[in-house]
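What follows draws every value from the coordinates through simple rules; no lab data is involved. Because the structure is a prediction, the values reported are computed rather than measured. Here the Cβ is made from the backbone with ideal geometry for all residues, glycine too, and neighbour counts use every protein chain on show.
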């Protein structure tokens, strides 16, 4: 850390304190050359993760939006909330691993449907009916028949 008084590049940390929200750390430093003291702040760099929508627009990743959709699909089902939160965390982990920090809504939707299909078939069909935008009852029936064949 460069001293703001003399420009020397080495200092020692005298005191460190975390902020109330835990997002920054305040460090009191002393320059090893001129012995003057100064304060620095460290903050977690937040790179916004983006979701690429079907129309090509981008919006910030919102884990709560995914969770709300799954909760709605699992309404009155025996799927624990903690399991749904794990699925959201899995999606977020996949997003963090991507070099461009972007994921399409198609990828997210496919992943959620795959996981819901393993957990609860009714929740899967509910989610799929909204996500895949079934045009009519025939498409809905075809999806149900595919599910029944898989058993």
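Some observations on this one:
- Global form of region 36-95, assessed from the alpha-carbon gyration tensor, a/c cut-off 1.5: oblate
- Residue separation of residue 12 and residue 85 scaled by 0.36 nm, minus their Cα-Cα distance, works out to 22.1 nm of gained length.
- Rel. contact order, % - alpha carbon contacts under 8 angstrom, at least six apart, the chain: 15 percent
- Most tightly packed first, judged by the mean number of other beta-carbon atoms within 10 Å of their residues, the peptides 64-74, 1-11 read 64-74, 1-11.
- Helical mean residue ellipticity (222 nm; -39500 (n - 2.57) per DSSP H run of 4+; nearest 500) of the chain: -14500 deg cm²/dmol
- With bins 5 Å wide beginning at 0, the percent of Cα pairs of the chain falling in each bin runs 2, 8, 13, 13, 12, 10, 8, 7, 6, 6, 5, 4, 3, 2, 1, 0.
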